[in-house]
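The structure under discussion appears below in the form of structure tokens.
Any read-out appearing in this document is the output of simple, stated calculations on the displayed coordinates, not a laboratory observation. The structure displayed is predicted, hence computed values, not measured ones. Glycine also receives a Cβ, built like all others from the backbone with ideal geometry; neighbour counts cover every protein chain displayed.
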Ligand SMILES: O=C(O)CCC(=O)C(=O)O
Ligand SMILES: [Fe+2]
């Protein structure tokens, strides 16, 4: 079968783009097959044999689509942004070591605005008008998370953004990150809205499908006071909010027009806005010479697998579990620190009742997040509970069976049919950890056999 990858999975917010089955009807209970068979099954090599070529093709197609829509820098000049960046330290191993070099900064905060007040205002207004007239986009199909509009759906805003990309944004991102501006491609550009009143006010912890993400604040406000209900000053649009990073537990809030620049693979979230409305321009950037192969594998694994989008939800019915697990194992081989793939794979295992394997995956995800991936912590507890339940359910079965064999024996004590019943009762007793009872059952079997042998 040809390998089909949903374009949504390749979008910004890899793996959790619009799901084909957003509601998640849950997984129908499949009859349990002997686990040795499942364990021994080989990954579908024929499906993933030409995968690398396919992934490179996908990368080229993403770059071509980006070039057709968004500005590309013709040269590698410095651009107009001169205020500089503050680098926030990121521990080694927080993201794929194959994609980023050790001396590359992975999280930067601008020291000045990259967008002018009028550019910020125009992007926000365009977003509001487009949303009101044509509806909002959303990476997460459920209520409760942000509302978004693709800049490419707003022609005037796109033209303005392209000007800013060429003159300022791409050269600034490239030089801050040690890349060439002409190599950068905009895979997706969103105006994101957090709105306390409607409850669309947060984004859960995620990684972006991007080499680099640039997010620019479009409103004033967001001073972090540590209080939930701070009063808004006249110039503030919102309270709360900001970008939280898992590696440090730190929340960063930019001034209007200011930006964060981070490796797409750094786990982060949008902190709930508690008052007012917050808008961001988010650019998911690729570099033409640096394909995100592991990231694409993860996206395939996520699109074909069973992971729920929220840990309160039932597991999705998988599109192709074998393909998903094979892609995820390859993603983990390519980047063993990819916690998201570990946890996706854990959900695949759990859906096959391989709870011990699932537990190992969730343990890896928890460990890699230094205990900050709460969804993985919850899933780990579920995998542990499922194993205890499995063991408890098994004991119950043995108890029921033991009672049945006991009743059979009572009906016709000493009969030849009892040999089977005594032997089975013995097995149940052994499973129930009653070795003495098991032994006397076995003796009873021998007694009946000996008696029947002595009958002429
Ligand atoms: O709200 C933020 O600062 C984070 C936004 C974000 O992570 C995203 O849009 O992917
Ligand atoms: Fe993000």
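Assorted remarks:
- By average C-beta atoms within 10 angstrom, highest first, the peptides 101-109, 246-254: 246-254, 101-109
- Tensor-based shape of the stretch 289-344 (alpha-carbon gyration tensor, a/c under 1.5 rounded, otherwise prolate or oblate): prolate
- With each label modelled as a point 7 angstrom along the Cα→C-beta vector, the residue 60-residue 321 pair spans 3.6 nm.
- Look at where the Cα atoms of the stretch 285-359 and of the stretch 119-189 average out, and the two centres are 28 Å apart.
- Order of 411, 80 - criterion: other Cβ atoms within 10 Å of each residue's Cβ, fewest first: 411, 80
- Proxy reagent accessibility, fewest Cβ within 10 Å first, across 124, 98, 69: 98, 69, 124
- Nearest-0.05 FRET efficiency for residue 404 and residue 125, computed from C-beta distance (R0 56 Å): 0.15
- Label separation (residue 156 vs residue 396): 6.4 nm, computed from points 7 Å beyond Cα along the C-beta direction.
- Extension gain from residue 69 to residue 269, taking 0.36 nm per residue of separation minus the Cα-Cα distance: 69.3 nm
- Here residue 255 and residue 437 are evaluated by their C-beta separation; at R0 = 56 Å the FRET efficiency comes out at 0.15.
- Global form of the stretch 242-306, assessed from the alpha-carbon gyration tensor, a/c cut-off 1.5: prolate
- Normalised by residue count, the stretch 57-287 yields a Cα convex hull volume of 124 Å³ per residue.
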